[in-house]
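Structure, as structure tokens:
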Amino acid sequence: MQHMVFVIEEIIEEDGKGDTNTIIMGDWNSLVGEESYRNIVGPHGLGRRNHRGQMLSNFCERNGLIVTNTWFRKPKRRLYTWKAPGDRSRHQLAYILVKHRFRNTVKNVQTLPGADIDSDHNLLVAKVCTKIEENYKFPKEKTTVGFGEIICSTTKSAGYSRRETGCNWM
């Protein structure tokens, strides 16, 4: 698990800390439990946190991620992601991690226990709504004020004019 965490941390560093909405999904084989933990793990998990669950919580804390499965109140049949052979016990082992900044884009996370996937794992699905906005770049026009001592930038667009806060001294 430590090698995988190292590789994921390198990818997160390449993408940048704030601008990219990074979603990490997978079977972590860890229990984060039903106790809240530092605004990273929500109160609606399943079971008790184990050592690997603490390692996952620390990984999320270092990288500004949250465990989205634990933030939505669901019946227990919609929480467990793995069923032991013979149906002896059920655990929440797979998680969807999202950057804390983009936590409001995740609208719902649940499992689909009736899905026909021929596995002892349940399908884990998330509803994520994102807005994609275009960056409009307005043309900048430089105007000289006074005797050429101060140059201020003015942005003009759609019938209005906005003067930027600072002026550059020549």
Report the full-extension gain for the segment Glu134 to Lys74: residue separation times 0.36 nm, less the Cα-Cα distance, to one decimal in nm. 18.0 nm
Nearest-20 debye value, the stretch 46-109 charge dipole, Cβ charges on Lys, Arg, Asp, Glu: 220 debye
Name the aspartates and glutamates eligible as straight-distance cross-link partners of Lys83: C-alpha to C-alpha under 17 Å, and not fewer than 8 places from it in the same chain. Asp27, Asp116, Asp118, Asp120
Can you give the local net charge around Val109? Use residues other than it whose beta-carbon is closer than 10 angstrom to its beta-carbon, Lys and Arg +1, Asp and Glu -1. +4
Proxy reagent accessibility, fewest Cβ within 10 Å first, across Glu134, Glu9: Glu134, Glu9
Nearby aspartates and glutamates by direct alpha-carbon distance to Lys131 (threshold 20 angstrom, same-chain neighbours under 8 apart not counted): Asp15, Asp19
Starting with the highest mean, order 110-123, 29-42 by the number of other Cβ atoms within 10 Å, averaged over the residues of each peptide. 29-42, 110-123
If amide hydrogens are placed 1.01 Å from N in the peptide plane, which non-local residues have theirs closer than 5 Å to the one on Leu123? Leu112, Ala115
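Where a number appears in this text, it was derived from the coordinates with a stated rule and is not lab data. Everything numeric here is computed off the predicted structure, so don't read it as measured data. When we count neighbours, we look across all protein chains shown, and the Cβ atoms used for this are built from the backbone with ideal geometry, even at glycine.
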